[in-house]
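I have placed the structure first, in the form of structure tokens, so that the comments after it can refer back to it.
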Amino acid sequence: MSRDYNFWIYIVTNRNQSVPYIGVTNSLSRRTWEHREGTRTGFASDYRCKKLIYYEHYRDIRDALARESQLKKWSRAKKIALINRFNPSWLDLGMDVLRDR
């Protein structure tokens, strides 16, 4: 019997939109909440990256990890272009994700 799995690649940024942080998670709503609340220490917390601006869904963790690795190697300009195609106004998508919680 097959089982559905859910993984997300996501990008959060700070208030000034100057620091993009790329991550992978199996619960986008939980991880969005953790970023907003600052419950974990590390890069995203240090730079106050709380605003969810981009995400992609995957069923296989290997695909998600490969995509995360690919995006992290991209230039800043290429990452910004990707975000602009998905979310041109850089709106905070976190509220939509947290509603599903």
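With the structure loaded, tell me whether K73 is within 13 Å of the chain's Cα centre (by Cα) and not aliphatic (A, V, I, L, M) or whether it fails that test.
So K73 does not fit the description; no.
May I ask you to list pairs of residues, at least six apart or on different chains, whose Cβ atoms are under 6 Å apart, with the first in the stretch 76-98 being in contact (Cβ under 8 Å) with a residue 40 or more places away in the chain and the second being among the hydrophobic types (A, V, I, L, M, F, W, C) and outside any loop (DSSP other than H, G, I, E, B)?
I83/I53; W90/I53; L93/L52; G94/L52; V97/L28
Here is a check on your reading of the model: is I61 within 16 Å of W8 (Cβ to Cβ) and among the β-branched types (V, I, T)?
Judged against the criteria, I61 is a match.
From the list T39, T25, pick out the single residue that is more than 17 Å from F7 (Cα to Cα), of a type in the set (V, I, T) and out of contact with any Leu (no Cβ under 7 Å at 6 or more places or on another chain).
Among T39, T25, only T39 is more than 17 Å from F7 (Cα to Cα), of a type in the set (V, I, T) and out of contact with any Leu (no Cβ under 7 Å at 6 or more places or on another chain).
Residue-by-condition table, conditions (1) of a type in the set (D, E); (2) within 16 Å of L82 (Cβ to Cβ):
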residue	(1), (2)
F7	no, no
I11	no, yes
V24	no, yes
W33	no, no
F43	no, no
C49	no, no
I53	no, yes
E56	yes, yes
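None of the figures in this text is laboratory data; all of them are computed from the coordinates on show. Because the structure is a prediction, the values reported are computed rather than measured. When we count neighbours, we look across all protein chains shown, and the Cβ atoms used for this are built from the backbone with ideal geometry, even at glycine.
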